[in-house]
Amino acid sequence: MILRQNGYYLEEPSIIGGHRIKSDEIVIALNAYYFKSFSELMVASQVSRIGDLVDFTAKSFDFEKCIPMSYTLKGNQVIVQPINIYGSDYTIDIKNANLLFNNDTKKELRFTEWPSNSNMNEINAKIIRDTFEPFDCGDYQLINT
Amino acid sequence: MRKIIYPLLIIVLFVGCDRDKELDPLDQSEIKQLEIHNQFFEYDGTNREVLWAIDLFRNQPNSNDLTKALSEKLGFPQWNHSIIGIKKSVKKNYEASESSEEVQSEIGEQEILIPMVSEEGGSVNALLLYRRFSNGEETFRIADRSVYDNLTEAQLMQRQSLLVASYLLKAEKEINAVESITIGGLIFRDAPDSNYGDVEPWDYGLMCTKKWVINANTGDVIAEYWVDCVPEVVVRPNDPLSPNSPVTYYDGVDGGGYPDTNYNDPIYYDNDFYRTGGGGGHTDYTGGLEDYLDSPKDDLGHNPGSEMIQSGPSGDAKDVLASFMTLTASELIRYPDTQEVAYSLSEAASDPSLTAEELHVLAYMGREVYLTAQSVNFKIDDLHPVHQMEITRNAAFIDFYPEVKKQINESRWPLSTQEWEALWGIFKPLIGELLIEAVPGGGLTLAFKDLIEGANKMDAVAITAGIVGIVTEFFPPGKVFKTVWRTGRVVRKGFKFVKYSRKYLDEIGLALEKGLKADVDGSIIRISKNGDEVARVTNNVLTFKYTGFGGDIVTVPNKTTTVIGKWENQIENIWNAGLAKQGSNKGGMNILGDLPNGTVDEKWEFNRAWLDDAIFRKDIIRLTADPVQTSNILYLNPQNLNFNNFSQVADYMTSFGTGSPLFDNLGFFGKEVHTLISSGYQYNSLTKQFFKP
């Protein structure tokens with residue numbers, strides 16, 4: 001199986017609500033996985049109101065801005081190996097080059113290619129919604145902000 | 001009469017001039033009185049005797065008061081069911097039939113019995129008795145069923161009682177189609193063989209119906225008697241008129257007599273009544289109309305008690321003052337509107353803890369209430385609202401003062417201005433529980449704040465005045481006197497709140513405002529929601545019932561307990577109960593419940609500042625969620641972190657700063673834990689508290 005490296009895999013977002021968030025606000029927690037090399041995995045995150053989400057860019061995966069981890073490939077699975085001593089290995093199934101499945105979070109990861117004209121990724125809230133909706137929002141409703 | 005006409009005139013003018021304008025409560029009350037008046041005299045018939053009686057009643061000087069009092073206590077007269085009797089002492093006339101003059105003198109007497117019923121289908125509560133004597137004098141009396149209900153069997157077996165019972169039965173049969181009635185344990189009904197053609201007292205020239213008196217317990221017929229008699233048509237021996245003659249005459253009455261008129265035994269007279277069994281006696285158990293009025297029939301100016309109250313206490317000794325207060329109470333208790341203040345005055349008079357000086361103040365307040373009420377015949381509604389408010393203040397003062405004095409030492413009064421405000425916050429929803437209307441919003445008025453400031457420098461008198469001020473602010477002026485008594489329970493409850501949970505007056509007020517209940521159970525204040533206890537205050541320590549992480553939250557006196565944890569179903573429940581404040585709250589809880597709008601980062605900035613304040617104050621930091629659980633502290637966990645104890649959490653948290661992406665992955669609670677650890681706090685896993693060594 002092949003992991004694509006000309007972009008990143010965006011994990012289905014988690015909806016955060018209620019916890020000191022007004023009831024009419026939707027906050028999204030979002031992980032993006034960039035398989036930098038054959039052993040380096042960089043995870044960038046955002047926790048933000050849906051209207052405040054910003055695009056992931058190549059810079060999002062700078063060492064200081066993301067969580068560096070390592071991984072190994074085993075068959076059609078990625079074995080993620082966190083560097084932190086309190087972290088535990090977990091696996092990501094490779095469904096195909098564009099679709100992964102995180103067995104730890106039970107969420108899908110979908111591939112987004114870097115734009116050809118720059119390193120900037122054009123992902124935004126619209127793309128998240130277009131990509132993943134409908135996703136489980138719990139008791140919350142997505143609103144256009 | 002003027003007293004009646006003026007309000008009516010005002011109503012007519014008011015309605016006539018501005019129909020669109022909503023009537024104020026006083027006008028509505030007068031309109032209600034008009035409705036009562038009209039219903040009281042409702043009559044479809046044309047009987048001129050009845051119409052005469054109605055007219056006579058209607059034109060009495062105190063007709064308005066009478067109709068109100070009687071309709072409230074006995075119901076409305078059923079003029080259409082009047083029992084009309086022409087008084088003629090048949091027996092007497094029969095014996096004295098030779099004297100036509102004497103016979104004629106009796107003819108003019110008449111009695112009309114009008115059943116009184118509270119509501120359609122209801123029992124006959126009384127008979128309104130109209131009587132016209134032969135000398136032209138007229139009177140109204142009341143045969144009150146409840147009076148007869150309370151008579152002994154011997155009293156009930158007296159002549160008048162039996163007659164009243166028979167007419168109550170007659171009225172009930174006609175109005176409610178019943179066959180018998182029970183009065184005072186005796187059942188009254190028509191005897192099975194009762195009819196005008198089968199009567200026993202033939203000797204007296206009467207035709208009557210026979211009644212049975214039955215013991216309600218045994219079912220035994222204990223007496224029978226005859227009433228509702230009509231004169232027998234007597235055809236004298238050797239009379240040229242045959243028994244079948246179309247011309248009849250009544251015994252003792254010359255020529256025709258009383259065609260088609262029933263002759264009813266009058267209730268007052270002791271002749272024309274025949275019976276077997278039963279005791280003797282001729283007691284009149286009917287009452288005068290004035291007995292049903294709230295005011296006394298005597299002229300108050302000649303009431304010795306009134307004169308003594310007018311002249312004030314005869315000395316300043318405690319027993320003299322107490323005796324004066326008792327006298328005032330005994331006068332006030334005679335009138336429905338002033339009974340409550342009478343009780344309060346009486347209790348104060350017998351309170352050994354009150355000094356002579358205090359009794360002096362209360363005695364004169366009671367006197368003032370009496371004299372003011374007397375000026376309107378003790379009908380407080382008739383007082384001008386301003387005067388009503390004045391005597392309400394006096395009356396409430398008399399009611400509250402002994403309790404306030406008792407509480408001052410126990411509860412360490414006086415209160416601070418803030419505590420007064422908090423007490424106001426408690427009174428509002430509590431009084432709302434009593435369904436008292438027109439509870440104003442907002443806090444204390446500036447003028448009242450001034451009063452509080454004064455009260456706190458003074459004594460029980462000023463404090464009582466303060467409480468009276470709070471309470472009387474709740475009510476519309478026109479209703480204040482009658483409704484203020486309903487606040488007594490609330491005020492006493494408020495006192496206990498002050499005594500046992502003084503530090504939490506604000507919280508209790510908020511909780512009540514949010515629909516929770518607060519009850520006093522001994523020295524414990526229980527706060528409950530839908531019947532379940534959510535918190536209690538014991539000895540001024542608040543314990544919030546919390547079944548989650550760490551169990552109940554017990555606050556620490558003189559320290560603020562800042563509560564952090566997960567919001568959903570944890571802290572939000574405490575916050576929504578209104579039992580916490582946001583910010584410093586010595587002895588109570590501090591919760592961040594109100595965050596301004598903004599981005600997640602902006603919210604955290606606010607959260608951080610709030611926590612920094614708690615750190616600066618060296619608050620107790622109590623957790624309601626387990627910080628070892630990563631789901632509690634992390635929003636995102638791409639590293640699949642797991643901790644076994646808090647030491648590992650602390651170790652992890654100290655491995656990165658606030659600029660790290662790892663910090664961004666923390667939830668608000670995780671960020672708070674990170675901040676506390678960074679600020680030198682340590683965690684006690686037993687107490688679930690952060691503390692600063």
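Contact residues in the stretch B:615-645 by the 40 Å² criterion (accessible area, 1.4 Å probe, full protein complex versus chain alone): B:635, B:636, B:638, B:639, B:640. Simple spin-label estimate for residue B:284 and residue A:113 gives 11.7 nm between the two label positions (7 Å along the Cα-to-Cβ direction from each Cα).
Taking 7 Å steps out from each Cα toward its Cβ at residue B:153 and residue A:59 produces label points 10.9 nm apart. Atom-type composition of the exposed protein surface of the stretch A:1-111 places 50 percent of the accessible area on carbon and sulfur (1.4 angstrom probe). Using 0.36 nm per residue and subtracting the Cα-Cα separation, the extra length available between residue B:333 and residue B:642 on full extension is 103.6 nm.
Per-residue extension of 0.36 nm, minus the Cα-Cα distance of residue B:174 and residue B:119, leaves a gain of 18.3 nm for this segment. Between residue B:597 and residue B:540, the FRET efficiency from the beta-carbon distance, with R0 = 30 Å, is close to 0.25. For the stretch B:45-64, the residues whose amide N sits under 16 Å from a probe point set 7 Å from the Cα of residue B:34 along the beta carbon direction are B:64. Estimated from the Cβ-Cβ distance and a Förster radius of 30 angstrom, the FRET efficiency linking residue B:685 and residue A:38 is about 0.10.
Would you tell me the mean number of C-beta atoms belonging to other protein chains that fall within 10 Å of each C-beta in A:88-97, as a whole number? Don't skip to the end; give the middle numbers.
On the way: counts 4, 1, 3, 0, 0, 0, 0, 0, 0, 0.
Going residue by residue through A:88-97 and averaging, the value is 1.
Interface size, chains B and A: roughly 2700 Å² of accessible area buried, both sides included, 1.4 Å probe, rounded to the nearest 100.
To the nearest 20 debye, what charge dipole does the stretch B:573-693 have about its Cα centre, counting +1 at the Cβ of each Lys and Arg and -1 at the Cβ of each Asp and Glu? Please report the intermediate quantities before stating the final value.
Working: 10 positive and 11 negative charges, 96 e Å.
In debye, rounded to 20, the stretch B:573-693 gives about 460.
The residues of the stretch A:39-69 occluded by other protein chains by 40 Å² or more of accessible area, set against the chain on its own, are A:47, A:49, A:67; surface from heavy atoms, 1.4 Å probe.
Protein heavy-atom surface of the stretch B:543-691, 1.4 angstrom probe: 46% of the accessible area is carbon and sulfur, with nucleic acids and ligands not counted.
How much length is gained if the chain between residue B:524 and residue B:660 is pulled fully straight, taking 0.36 nm per residue apart and subtracting their Cα-Cα distance, in nm to one decimal?
Working: separation 136, 0.36 × 136 = 48.96 nm, distance 4.92 nm.
Answer, rounded to one decimal: 44.0 nm.
Which entries of A:36/A:107; B:496/B:566; A:106/B:529; A:59/A:106; B:73/B:514 show an alpha-carbon separation above 31 angstrom in the structure shown? Kindly include the intermediate steps, with their values, before the conclusion.
On the way: A:36/A:107 21 Å; B:496/B:566 34 Å; A:106/B:529 39 Å; A:59/A:106 27 Å; B:73/B:514 41 Å.
The pairs that break the limit, which is 31 Å between Cα atoms, are B:496/B:566; A:106/B:529; B:73/B:514.
With both labels modelled 7 Å from their Cα along Cα-to-Cβ, the residue B:138 to residue B:586 distance reads 7.9 nm. Quick one: go through the stretch A:38-74 and flag any residue whose amide nitrogen is under 19 Å from the point 7 Å out along the Cα-to-Cβ line of residue A:93. The answer is A:72-74. Spatial offset of the stretch B:658-693 relative to the stretch B:560-596 amounts to 18 Å, using the alpha carbon center of each. Of the peptides B:329-340, A:53-64, the ranking by mean beta-carbon count within 10 Å, highest at the top, reads B:329-340, A:53-64.
The values are calculated or read from the model by the stated rules, or taken from the named source; none is laboratory data. Just so it is clear, the model here is predicted, and its values are computed rather than measured. Positions of Cβ are backbone-derived with ideal geometry, glycine not excepted, and every protein chain shown enters the neighbour counts. Side chains are part of the model used for accessible areas, which takes the heavy atoms of the whole protein and leaves out ligands, DNA and RNA. Shrake-Rupley method; radii C 1.70, N 1.55, O 1.52, S 1.80 Å.
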